[in-house]
1. Stretch residue 207-residue 179 to full length: gain in nm at 0.36 nm per residue minus the Cα-Cα span?
2. Only helical DSSP H runs with n ≥ 4 go in: add -39500 (n - 2.57) per run for the chain, normalise by residue count and round the 222 nm mean residue ellipticity to 500 deg cm²/dmol.
3. For the stretch 48-70 and the stretch 201-239, what is the centre-to-centre distance using only Cα atoms, to the nearest Å?
4. So if each residue of separation counts as 0.36 nm, and I subtract the Cα-Cα distance between residue 97 and residue 115, what length gain in nm does that give?
5. Local charge sum around residue 253 (other residues, Cβ-Cβ under 10 Å, Lys/Arg +1, Asp/Glu -1)?
6. Taking the Cα centre of the stretch 202-266 as origin and charging only Cβ (+1 Lys, Arg; -1 Asp, Glu), how large is the dipole, in debye to the nearest 20?
7. Got the relative contact order for the chain handy, in percent, Cα pairs under 8 Å and 6 or more residues apart?
8. Of the listed peptides 106-113, 150-157, what is their order by residue-averaged count of other C-beta atoms within 10 Å, with the highest listed first?
Amino acid sequence: MSVQVSGVQASRGFQVSLGGRTVMVTGASRGLGAHFAQVLAASGARVAVAGRKKADSEAVCETIRAAGGTALAIALDVTDRASAEAAVAAVAAEWGRLDVLVNNAGITTTTPLLEQDEASWDAIMDTNLKGAFLVGQTAARAMAADGKGGAIVNVASILGFRVAGQVAAYSASKAALIQLTRSMALEWARHQIRANALCPGYVETDINRDFFASEAGQALIRRIPTRRLGQLADLDGPLLFLCSDASAYVTGASVAVDGGHLVSSL
């Protein structure tokens, strides 16, 4: 049974409108962020595509515009407050205000914890956690100032709840991001700002496709209760739900999209 909300059709029969809304997606020049930006634009949002390299963000914008959407490329270093403030100001200057922030920027390394160096630990924490704080706080200040509220979606991971080998820094950063999301929800509710976390499980991308085709990758897939990897489209409905008024009374939630991986037996 599909749920219909007035607006344009999004993926898998779920219909939602973000028409007239302005959204900024961080880390949007590639991967999940680029996909999120295109999904949000297809649902009617004006999308600010933010990434370290403006040229890469512009390429995503061109794809959105070619499909009839509206997009703006923004250079953003999420670890720098001045850059975050400039990005939010650029959105306001272009479209009046920022309605929704998708904090997607994130990095990781695959390193045994005994071999993890301080520099790589700091880089992961600065991007995944501090970056979400800086951009989230900057966006929330702007939303609170104009009195209209807004929505923040922090892209976390099921590794914020469970643990896997050789990704200690990433797992720690995502666990902290989930707790930060709850703090945002608690403190900013009075400003009508909702904050929720989207927690993907293992999703097939160009980067990991070869691994999941290997024997080790196939063994991991067999541990997922649905016995399949997630696809990018599996994230579309939950993302649109959290960004739109369909979740108007939802804040502080962590939504796992993982094929049941979190509830699998040990």
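1. This chain segment gains 7.3 nm when fully extended.
2. -12000 deg cm²/dmol
3. Cα centroid of the stretch 48-70 versus Cα centroid of the stretch 201-239: 26 Å apart.
4. 2.0 nm
5. +2
6. Numbers: 5 positive and 8 negative charges, 63 e Å.
Computed about the Cα centre, the dipole is about 300 debye.
7. 16 percent
8. On the way: 106-113: 15.0, 150-157: 26.4.
In descending order of packing, they fall as 150-157, 106-113.
Just so you know, all these numbers are worked out from the coordinates, no wet-lab data involved. Because the structure is a prediction, the values reported are computed rather than measured. Note that we place each Cβ from the backbone using ideal geometry, even for glycine, and neighbour counts take in every protein chain shown.
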